[in-house]
1. What number of residues in the stretch 30-57 are among the hydrophobic types (A, V, I, L, M, F, W, C) and buried (at least 19 other Cβ atoms within 10 Å of the Cβ)?
2. May I ask you to list the residues in the stretch 18-50 that are closer than 14 Å to residue 63 by Cα and either touching a strand residue (DSSP E or B) at 6+ places or on another chain (Cβ under 6 Å) or assigned to a helix (DSSP H, G or I) (or both)?
Amino acid sequence: MYPERLIEHFQHPRNVGELPPPAVTVEVSNPACGDVLRLSARFDGGVVVDVRYKVRGCTASIAAGSALTEWMAGKTRAEIAAFDRSIVDEAVGGLPAESQHAGALCADGVKLLLKRSG
């Protein structure tokens, strides 16, 4: 049902947790499915130097959060602003149609993080 890379991210998620201030932490949810993403990032000179996440949700959302944090590490604000959910889709080997909400949750988290981190 799920691609091998998605299962790998689910079984061995990267960057799980939360960062203390001065990191910026945001929380977004998908009201249709109930999944919740909590995303924390610390910037230094406009570059993400540390990033963590927590997800309460399905297998795909957990895997997508892991892939998102791997992608964000070392990126500039401009690079992160260009984030598109297809990045996560590709990183996990393809989200099934019924799991596309996981990519949307990541995109919502990135947008809110950039907005709050000024």
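Quick note: the coordinates plus some simple rules give every number you see, no bench work behind them. Keep in mind the model is a prediction, meaning the values are calculated, not measured. Using ideal geometry, Cβ is built from the backbone for each residue, glycine included, and neighbour counts are taken over all protein chains shown.
1. 7
2. Hits for the stretch 18-50 are 36, 37, 38, 39.
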